[in-house]
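In what follows, a single structure is set out as structure tokens and then discussed.
Just so you know, all these numbers are worked out from the coordinates, no wet-lab data involved. Because the structure is predicted, anything quoted here is derived from the model rather than measured. Cβ placement follows ideal geometry from the backbone for every residue including glycine, while neighbour counts extend to all protein chains displayed.
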Amino acid sequence: MYTRTRGMGLETIFDRYEAQQPQCGFGMAGVCCQLCSHGPCRITGKTSRGICGATADTIVARNLVRLAARGAAAYTHHLEELADTIKATVRGKTPFTTGDPEKLREIAAAAGLDTAKETGRLAEELAGMMLAELRKSSRDPLALVKLFAPKTRVPKMVLLEVMRT
Ligand code: SF4
């Protein structure tokens, strides 16, 4: 694909990466903060804190958490589209079919649903569960996180209060 794209004279991600070199060292190290209108602040040999007093550790940690949260939030849109498409498919409103009913049952079983149901009903129930999880308030326990997060991490996430039970 890369060769074909180049052959067509189109710019690729690789061209844009090269054009960005050298990338900003403060950004690469995560010590640039643009969280508020006092900034942007950066940690240098001369300045060990941002204007608000944030240290390099604070800035790096905040940047990392915000990047992860933004990425996760962006991907919930994919999950929402998927769930809506499943529901529409069950109702015959898309050209799609359930290509792998066994996979559906496997995921539904992992989500704690009764897999004895007819395939369409089960698909709709799973889609409904996904949508309900996405729309929960931040105060409600997240069933899907509890079910699918690595089991070894759950106690730690509960301890650190990043996961409600
Ligand atoms: S380091 Fe503090 S003052 Fe500077 S931009 Fe970030 S939050 Fe604002």
Study note, to complete from the structure: Between the alpha carbon centres of segment 94-134 and segment 1-39 the gap in Å comes to 39
**Study point:** Ranked packing of 20-30, 99-109, most packed first, by mean Cβ within 10 Å
**Key:** 99-109, 20-30
Check your understanding: Angle, helix 56-90 long axis vs. longest principal axis of the chain, Cα atoms, 0 to 90°, nearest 10?
Key -> 20
Review point. When only DSSP loop residues count, what trypsin sites (Lys or Arg not before Pro) in segment 39-70 have their Cβ near at most 16 other Cβ atoms within 10 Å?
Key: K46
Exercise for review: Per DSSP H run of at least 4 residues, take -39500 (n - 2.57); add these up for the chain, divide by its residues and hand me the 222 nm value, nearest 500 deg cm²/dmol.
Suggested key: -17000 deg cm²/dmol
Check your understanding: If contacts are Cα pairs under 8 angstrom and at least 6 residues apart, what is the relative contact order of the chain in percent?
Key -> 12
Practice item. State which entries of K93/K146; K117/K146; K136/K156 exceed 29 angstrom in Cα-Cα distance in the structure shown. Key: K93/K146
Study note, to complete from the structure: Taking Cα atoms only, helix 119-134 is inclined relative to the longest principal axis of the chain by an angle, in degrees rounded to 10, of 30
**Study point:** Between helix 101-110 and the chain: long-axis angle, C-alpha atoms, 0 to 90°, nearest 10
**Key:** 70
